[in-house]
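Data block below; observations after.
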Amino acid sequence: MSLSRREAIRVSGAALAGASLGALVPRSLVPLGAAQQPWPNDLVEMPLRERAPLPLNPDGSAPEHAAQEAGPIEGVLWRYTQGETPQGDYDYRNLGVRVDPRGMARVGGTLRFEDLEALPTHSAVYLLQCGAPTPRGICKWTGVRFRDFADLIGLLPNAHYGRIVSRDRYYVDEEVPTLLHPQVMLAWLMNDEPIPPEHGAPLRLIVPFRHGARWIKAVTEITFGTPGLPQEPLPA
């Protein structure tokens, strides 16, 4: 399974996902790109987001690097805690992630490391690149493919979006086909060592064909939703 270039670079439909997810999630969550200034009363020019382009393959996937290229990440960014790493238990063996399927999967509850450990382990070397010059680095990531996690919980075909929430309450919404891409991972090792707290311990979402801001650190919640509720056509 592969993404087209258009799909890989398309901005996730967070606004659409919010129709099914946003009203059901605590207001303390901070969405990607949240406005920080008072909203204008008229239409005005807005600053455009400038990001360095990602080096992608023609099919929109991320290039995989050789093991000898792996190294550290330059720069650390925790967006909503003034750059400070939030407090918590960073030992992946004590992992506890809230999985809320909203009727979109067969099972839900609290995901433990033992659940992930039973899945096929996957490792790959990818570039993490934010829109700014840093953080940036080529690293080896080890964990499980997200699609194997989706199979574990019995995710239904009518799930459209997944919301991945960090310990600092930052979150992103991704379309389920994006999350099921074979390069997308839930990782607990970085360069064969536990991910350091500043880089997203105990569990980090790895989306190699997205900018690093969408690689959610310290995953605490995974919620699924759909833009509409299944129902029979309304009478004319």
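Within the stretch 201-228, the residues that satisfy the criterion of being over 10 Å from the mean Cα position of the chain (by Cα) and modelled with pLDDT under 95 are H211, G225, T226, P227, G228.
Residue check: is E221 of a type in the set (D, E), out of contact with any Ser or Thr (no Cβ under 6 Å at 6 or more places or on another chain) and touching a residue at least 40 places away in the same chain (Cβ under 8 Å)? Yes, satisfied.
For residues that are in a helix (DSSP H, G or I) and touching a residue at least 60 places away in the same chain (Cβ under 8 Å), scanning just the stretch 163-184, find the one that is nearest to D89 (Cα to Cα).
Just the residues of the stretch 163-184 that are in a helix (DSSP H, G or I), to begin with: 176-179.
The next check asks that each one be touching a residue at least 60 places away in the same chain (Cβ under 8 Å); those that pass are 177-178.
Working: P177: 31, T178: 29 Å.
Of everything passing the filter in the stretch 163-184, T178 is nearest to D89 (Cα to Cα).
Counting just the residues of the stretch 62-91 that are over 20 Å from L189 (Cβ atoms) and touching a Leu at 6+ places or on another chain (Cβ under 8 Å), which one comes out surrounded by the most Cβ atoms within 10 Å (Cβ to Cβ)? The qualifying residue surrounded by the most Cβ atoms within 10 Å (Cβ to Cβ) is P63. Only residues that are closer than 24 Å to D168 by Cβ and modelled with pLDDT of 90 or more were counted across the stretch 20-53, and they come to 0.
Could you list, in sequence order, all residues of the stretch 153-162 that are surrounded by fewer than 19 Cβ atoms within 10 Å (Cβ to Cβ) and touching a residue at least 40 places away in the same chain (Cβ under 8 Å)?
G154, L156, N158
Of the residues making up the stretch 188-209, those that are part of a loop (DSSP other than H, G, I, E, B), free of Cβ contacts under 8 Å to residues at least 60 places away in the same chain and buried (at least 18 other Cβ atoms within 10 Å of the Cβ) are G200, V207.
Please determine, by comparing only the residues of the stretch 91-101 that are under 18 Å from the mean Cα position of the chain (by Cα) and not in a strand (DSSP E or B), which one is farthest from G212 (Cα to Cα). Before you say what the answer is, go through the steps one by one.
Here is the first cut: in the stretch 91-101, the residues under 18 Å from the mean Cα position of the chain (by Cα) are 92, 95-101.
So of that shortlist, the ones also not in a strand (DSSP E or B) come out as 92, 95, 101.
Numbers: Y92: 21, L95: 22, P101: 25 Å.
Checked the stretch 91-101; the qualifying residue farthest from G212 (Cα to Cα) is P101.
Of all residues in the stretch 114-136, which are over 18 Å from the mean Cα position of the chain (by Cα) and in contact (Cβ under 8 Å) with a residue 60 or more places away in the chain? Of everything in the stretch 114-136, those that are over 18 Å from the mean Cα position of the chain (by Cα) and in contact (Cβ under 8 Å) with a residue 60 or more places away in the chain turn out to be A132, P133, T134.
The residues listed here are V107, V125, V99, V172; of these, the one that is aliphatic (A, V, I, L, M), at pLDDT 95 or above and closer than 30 Å to E50 by Cα is V125.
Do you know which residues across the stretch 151-162 are over 25 Å from D89 (Cβ atoms) and within 15 Å of the chain's Cα centre (by Cα)?
Step one: filter the stretch 151-162 for residues over 25 Å from D89 (Cβ atoms), giving 151, 154-161.
Answer for the stretch 151-162, where residues must be over 25 Å from D89 (Cβ atoms) and within 15 Å of the chain's Cα centre (by Cα): H160, Y161.
Kindly indicate whether any position in the stretch 53-61 is in a loop (DSSP other than H, G, I, E, B) and touching a Leu at 6+ places or on another chain (Cβ under 6 Å). Taking every residue of the stretch 53-61 in turn, at least one turns out to be in a loop (DSSP other than H, G, I, E, B) and touching a Leu at 6+ places or on another chain (Cβ under 6 Å).
Answer with yes or no whether Y80 is of a type outside the set (K, R) and not in a loop (DSSP other than H, G, I, E, B).
On the way: of a type outside the set (K, R): yes; not in a loop (DSSP other than H, G, I, E, B): no.
So Y80 does not fit the description; no.
The values are calculated or read from the model by the stated rules, or taken from the named source; none is laboratory data. Computed from a predicted model, the values in this text were never measured in an experiment. Cβ: placed from backbone, ideal geometry, glycine included. Neighbour counts: every protein chain shown.
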